[in-house]
Amino acid sequence: AVCCQRMGHFEKAMPLYQQSRAIAEVMGNQPLVAITSSSLGACHTHLREYDKAITCYTRQYEIARELELKEMVSSAALGVGVAMRLWIQSDRTGPGNADGCLRDAQKWLETAGDCGWIIA
């Protein structure tokens, strides 16, 4: 999955990440569920499927908060914020109205900044 993603073959990477996530869920490996959710979020972002990316990054965020994995919380918040901003910048208005979505995106980016990411 990683090789496909790095080569830009996001459609090929996604079913592999989905399978990895399903195995991690069965095994109860929550950190791996979070990691594969992040990878799926990145693939969806590259494919401009921002709503699906937001869902994946949100799942990563929830797991990371529960497990108190600060860097992963920050990474997930950054993923959600970036996906929301890209969604607004595309021809779509994003979830809800554009102004509300922009405020939500900014909150996610601030969360990432609070956890250590430098947001320009």
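The numbers here are math on the coordinates, done by the rules we state, and not lab data. All figures in this text were calculated on a predicted structure; none of them were measured in a lab. Glycine gets a Cβ as well: all are built from the backbone with ideal geometry, and neighbour counts include every protein chain shown.
Maximal additional length on extending the Gln89-Lys107 stretch stands at 4.8 nm, based on 0.36 nm per residue less the C-alpha distance.
Across region 11-68, the relative contact order, built from alpha-carbon pairs under 8 Å that are at least six residues apart, equals 33 percent.
Cross-link partners of Lys107 among lysines, defined as those whose alpha carbon lies under 22 angstrom from its own and excluding same-chain residues fewer than eight positions apart: Lys52, Lys70. In a reduced charge model with +1 at each Lys and Arg Cβ and -1 at each Asp and Glu Cβ, region 1-87 shows a dipole moment near 240 debye about its Cα centre. Remark: spin-label model distance Ala22-Glu62 equals 2.0 nm, labels positioned 7 Å along the Cα→Cβ axis. Computed 3J(HN,Hα) for region 52-62, one whole-Hz value per residue from the Karplus formula 6.51 cos²θ - 1.76 cosθ + 1.60 where θ = phi - 60°, is 5, 4, 4, 4, 5, 5, 5, 5, 4, 4, 4, glycine and proline marked x.
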